[in-house]
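Nothing in this text is a laboratory measurement; each read-out follows from the coordinates by a stated rule. Note that the coordinates shown come from a computational prediction; the quantities given were computed from them, not determined experimentally. Note: ideal-geometry Cβ built from the backbone for every residue, glycine included; neighbour counts use all protein chains shown.
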Amino acid sequence: MPRNAAPKTKTLESMNLTELRARYHAVVGEETRSPNKKFLIRRIEEALATTKQRSASRRATTTAPSAPPAAAARAAPTAEATHPASQRGRFADMSLEDLQAKYREVVGRPTGSSDIPYLKWKIREAESGRVPVGPRPAREAKVREDGKRVIPLSFDADKLTALDKAWRDAGFPSRTRFITHAVHGALTAMGATEAAALFAP
């Protein structure tokens, strides 16, 4: 690993998800909606390393003397044998639909993601045994002593911060009270009056 890899990693890890996505776009040249900070950091570092290697290779090519044709011909098979084609090249001609099908085959569950770099990364991780595969186990909502059930809700950190500020500014006493109010309004707008009544303030 290069000596300057650790400072770069530390800088990236200090970024929030929005900043990492922007950095990813600037370095990799593609937009991403991936919520996985570990994946984003890894892809950014790989892209930076590749760019650095290409720059070094171009400098070496510019300064190195040209090899005689016969010597170059003899060296070519050796280079091919020493550096076999990267396994990642197998994804080069795969469409989004092909990658989603491969994801289903390898990871063992369907995906709605259209993030091509993320799909490639997840397939490689699953093939290497670094991520769980197979259907996700069904999670039952926890039942409290008062009979209420706790359901999981997840948001990006920056979105949750903005949400909490909004309901506090609006005068709601808690996030739960705001969500209940929002559910009541949505059900009422949908015409589900009976269900909406259950969430009435």
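Placing unit charges on the Cβ atoms of the charged side chains and taking the dipole of region 155-198 about its Cα centre, the candidate lying farthest along the positive direction among PRO173, LEU163, ALA197 is PRO173. Computed from backbone phi, the HN-Hα couplings of region 114-123 come to 10, 7, 4, x, 5, 4, 4, 4, 5, 5 Hz, rounded to whole numbers (Karplus: 6.51 cos²θ - 1.76 cosθ + 1.60, θ = phi - 60°; Gly and Pro given as x). 3J(HN,Hα) couplings calculated from phi for region 96-108 with the Karplus curve 6.51 cos²θ - 1.76 cosθ + 1.60 (θ = phi - 60°) are, in sequence order, 4, 5, 5, 5, 5, 5, 5, 4, 4, 5, 8, 7, x Hz; Gly and Pro show x. What shape does region 90-134 have by the C-alpha gyration tensor, where a ≥ b ≥ c are the square roots of the eigenvalues, rounded means a/c under 1.5, and otherwise prolate means a/b greater than b/c and oblate the rest? The shape class here is prolate.
When you count the other C-beta atoms within 10 angstrom of each residue and take the mean per peptide, 108-119, 123-134 line up highest first as 108-119, 123-134. Cross-link partners for LYS159 among the aspartates and glutamates, with Cα-Cα distance under 19 Å and sequence neighbours closer than 8 places in the same chain left out: GLU13, GLU19, GLU31, ASP169.
Dipole orientation for region 90-134: of the candidates VAL106, PRO132, PHE91, PRO132 has the Cα lying most toward the positive pole (charges on Cβ; Lys, Arg +1; Asp, Glu -1).
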